[in-house]
Amino acid sequence: QLQASGGGLVQAGDSLRLSCAASGRSFIAFALGWFRQAPGKERKFVAAISQSGTTYYADSVKGRFTMSRDNAINTVYLQMNSLKPEDTAVYYCAADTRLGMVRSKSGSGLNYWGKGTQVTVSS
């Protein structure tokens, strides 16, 4: 089970840190990803982290967002800096043992999803 938190309403240029806490004893076996869905748009890949800690980012967030994981507390983070209005979306975390799945464009086929957390960036 995944539980995302940390969203909120911020101004352009501000920062937010999202968290996704996982329950279960096999967290280390999973790669995790963040996806987002803006109103009226399809869900899109944002970032992913492998079991070994290698990170991957969508071009739109590269250099501004940083994903990390803390295996001791079964949690992944998404540090979002220099936020832009176009980052406004509901953000979802997801998990899979297959790294390729959490790096997919929309997360189709992923079995483990957290409830979304709303991020709103005002201009």
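The values are calculated or read from the model by the stated rules, or taken from the named source; none is laboratory data. Note that the structure is a prediction, hence the values are computed from the model and not measured. Positions of Cβ are generated from backbone atoms using ideal geometry, with glycine treated the same way; all protein chains shown enter the neighbour counts. Accessible surface areas use protein heavy atoms only, side chains included; no ligands, DNA or RNA. Shrake-Rupley method; radii C 1.70, N 1.55, O 1.52, S 1.80 Å.
What does the charge add up to near Leu110, with Lys and Arg as +1, Asp and Glu as -1, over the other residues with Cβ less than 12 Å from its Cβ?
It works out to a net charge of +3.
Quick one: among Ala38, Ala47, Ala72, which has the greatest mean-square fluctuation in a GNM of the chain with alpha-carbon springs under 10 angstrom?
Sorting by GNM fluctuation, first place goes to Ala72.
In a shell of Cβ-Cβ distance under 12 Å around Asp14, excluding Asp14 itself, what net charge do Lys and Arg (+1) and Asp and Glu (-1) give?
Taking every other residue near Asp14 into account, the sum is +2.
Over the Cα atoms of the chain, what Rg and Dmax result, in angstrom?
Spelled out, the Cα radius of gyration and Dmax of the chain are 13.2, 42 Å.
Measure off, as a whole percent, the carbon and sulfur share of the 1.4 Å-probe accessible area of the chain, all protein chains present.
That fraction is 48 percent.
Give the relative contact order (percent, whole number) for region 49-94; include only Cα pairs under 8 Å separated by 6+ residues.
Relative contact order, region 49-94: 27 percent.
Given the whole protein assembly as supplied and a 1.4 Å probe, what does the accessible area of Lys44 come to in Å², nearest 10?
120
Given Cα pairs under 8 Å that are at least 6 residues apart, what percent is the relative contact order of the chain?
37
Over the chain, what is the percentage of antiparallel beta bridges among all DSSP beta bridges, to the nearest 5?
For the chain, the DSSP antiparallel bridge percentage is about 85.
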